[in-house]
Amino acid sequence: MNRRDLLRAALAAAPMSLNATRLWAAPASDAPRFLLVFLRGGYDAANLLVPHGSSFYYESRPNIAIAKPGTASNAALPIDAQWGLAPALNDTVFPLFQRGQVAFVPFAGTDDTSRSHFETQDRIELGQGAQGARDFGSGFMNRLAAATGGNKHLSSLAFTDQVPLVFRGSEAVANQSLRDVGKAGVNDRQAKLIAGMYANTKLAGAVADGFEVRSEVTREMNEMVGEMEAANRNAINTKGFAAEARRIARLMRDRVQLGFVDVGGWDTHVGEGGATGALANRLTELSQGLAAFAEEMGPAWDKTVVMVVSEFGRTFRENGNRGTDHGHGSVYWVLGGQVRGGRVLGEQQAVTAGTLFQNRDYPVLNEYRSVLGGLFGRMYGLDAAAVGKVFPGASGRDIGLV
């Protein structure tokens, strides 16, 4: 490893400036846990929460619409006269919904109208609103950690390759990519060389703590992998997110109270499919992971909230390639033992040609900072002033999620 590579590795390690003792202090059993799952790519919300009560939905999607409940073997799962769920969730998230542990918020999103993946993802993670200059060093989940008393009271971890925008800020937050568990990364010798580069600087302690956190997480995750393989007796496990979700749950159950993970692959311009196909396959894997997370959390699930968001939804009408293009409003998932679920919540309206945003997309009626601000106010007892620090210029709106 040459000096340039060492510098790159050092920069990657430097954000892991969390005191290891602080991270691994076990939270109280009744402490709330919050996990944000970010679907990068803009998923097609209309084929997740199906507006089967709208004839316009079926007119707009002659090839990819999901059938009304009760009309086909792979029809939408019934919720009420207006909404149904994708059949891909039948064995996983739908039972949690029926138990009142899942809610959906349609017409949700940001006021950003660029329809750019990167622009809108940045806007959401920063949580600073569309007006004024953006501070890329301050994400809303970092500000949430500060508003709840800092990491003394709220241990935080990003399950990502690098610290994401949403967790950047004054509070020290670690990151650990669970996809890399068991793979070679920065070895002990290289870690010592990198730490030596920061010796006698202000970052010396932060870098040392970062490597300590990485080493401990990797060691614990490797132990978990072996334990899970033995318990399954060499049976094939669900791949991808589901396997990772169980590991995340083990850490959030025992160690971490505020977490973030992102899942890619949601840009469906071509061959999206309907009840089956590309999108349905992704929803199946995602919902398997969420159900596995809920199961692995055990009793801590009762104090847990998981929010699933995406940067935007898709065009309501299918395109010429039997897919959908970049849109605006989306549907958020809210899961957890303390969620007042089994319902579709937030402001809603009829789905018609006349109610589309710019004649193409779901409108945003439930602005995400308002929805999350109301949720955090309930979960953490934050007053209006504290919510305003997490989401500057926004007011929380309690829509009854918890």
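Only the coordinates and a few stated rules stand behind these numbers; no lab work does. Bear in mind that the values here come from a model prediction, so they are computed numbers and not experimental data. Please note: Cβ atoms are built from the backbone with ideal geometry, for glycine as well, and neighbour counts cover all protein chains shown.
Here the gap between residue 73 and residue 270, fully extended at 0.36 nm per residue and compared with their Cα-Cα distance, gives a gain of 68.4 nm. Give the residues of segment 311-345 whose amide nitrogen is closer than 14 Å to a point set 7 Å from the Cα of residue 360 in the direction of its Cβ. What the label zone holds, given the 14 Å backbone N cut-off, is 313-320, 324-329. For segment 22-143, take the alpha-carbon Rg, divide it by the Kirkwood Rh, and send me Rg/Rh. Value, to two decimals: 1.06. Each of the peptides 303-313, 280-290, 58-68 was scored by the mean count of other Cβ atoms within 10 Å over its residues; in descending order, highest first, they stand as 303-313, 280-290, 58-68. Exposure proxy shown here: for 91, 262, the number of other Cβ atoms within 10 Å sets the order, fewest to most, as 91, 262. Highest average first, the peptides 31-38, 390-397 ordered by how many other beta carbon atoms sit within 10 Å of their residues are 31-38, 390-397. Ordering 380, 368, 43 from the fewest to the most neighbouring beta carbons within 10 Å gives 380, 368, 43. Every Cα-Cα pair of segment 330-369 was included, and the share exceeding 12 Å stands at 66 percent.
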